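All of the numbers you see were taken from the coordinates with simple rules; none came from a lab. This structure is a prediction, so every number in the text was calculated from the model and none was measured. Heads up, the Cβs are rebuilt from the backbone with ideal geometry, glycines too, and the neighbour counts pull from every protein chain shown.
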Amino acid sequence: MEVTWQMLLLVCPLVFLAGFVDSVAGGGGLISLPAYYLAGLPPVLAAGTNKLSACLGTVSSSARFLMGGRVDGRVAVLAAAGAFPGSWLGTALLQKIPEDAVRLMMLVVIPIVAAVVLLQGRKMSRQRVPDSLYWPVSFLIGFAVGFYDGLVGPGTGTFLILMFTMLLGMEGVRASGTAKLVNLTSNVASLSALMLSGHVLYALALPAAACGIAGNWLGASLTISKGTKFIRVMMLAVLALLLAKMLVDMVQ
């Protein structure tokens, strides 16, 4: 597929914005994946191209959170260990499902993400699992969200932040930083499967990735300096984006 300058002008700014949003509150795929659709890529090729740019962008935000000491290393390792096989399985299933079914799944899952963000509000940071299950639940969170990431994608970071805060009682900024490392693992697993099957448009993914790296670094820096309140505001912004997207999809 040939990449035109119009495609670059459409995708690159949106991937920058997606990287900024994703590094703070997750949900960047809700911006970047539709951008690739608008550029004319079919769903599986869009998924692979999006994974490459997202993966490189997440490296940037992960490095920034690590430098700021805002990552729970043990939870990140356990959740990442679950995310890798979960994401691989989700991606394998993605390649066996008709394209229309993938779009339908997005329409079903996105409102669920929106509802969870809205209903939890300020009650998120309270541990709900007993200490004896803390580490197994960390692994299971990674596996479940990794599977979702490989199969659908958008909202993965938001799901991770919600699970870390709702179930594990993690503070917001640390949850966001930890989520980045786990999301990076699931992205690598999904990306490797899509690259092996030839579903990546490198001529578009690499320029977009450069913009995504800049957006991720900026978002992570602001999150560290402004704290949990900034994350909550950004999650509400993601919620507005989710609802707007659903309204457009219903009208079309």
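At-a-glance table
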| read-out | value |
| --- | --- |
| Label-point separation, residue 74 to residue 132 (7 Å along Cα→Cβ), nm | 1.7 nm |
| Long-range HN-HN contacts of residue 170 with modeled amide H, under 5 Å | 165 |
| Neighbour-count order for 143, 16, fewest beta carbons within 10 angstrom listed first | 143, 16 |
| Virtual spin-label span in nm between residue 96 and residue 38, 7 Å along Cα→Cβ | 3.4 nm |
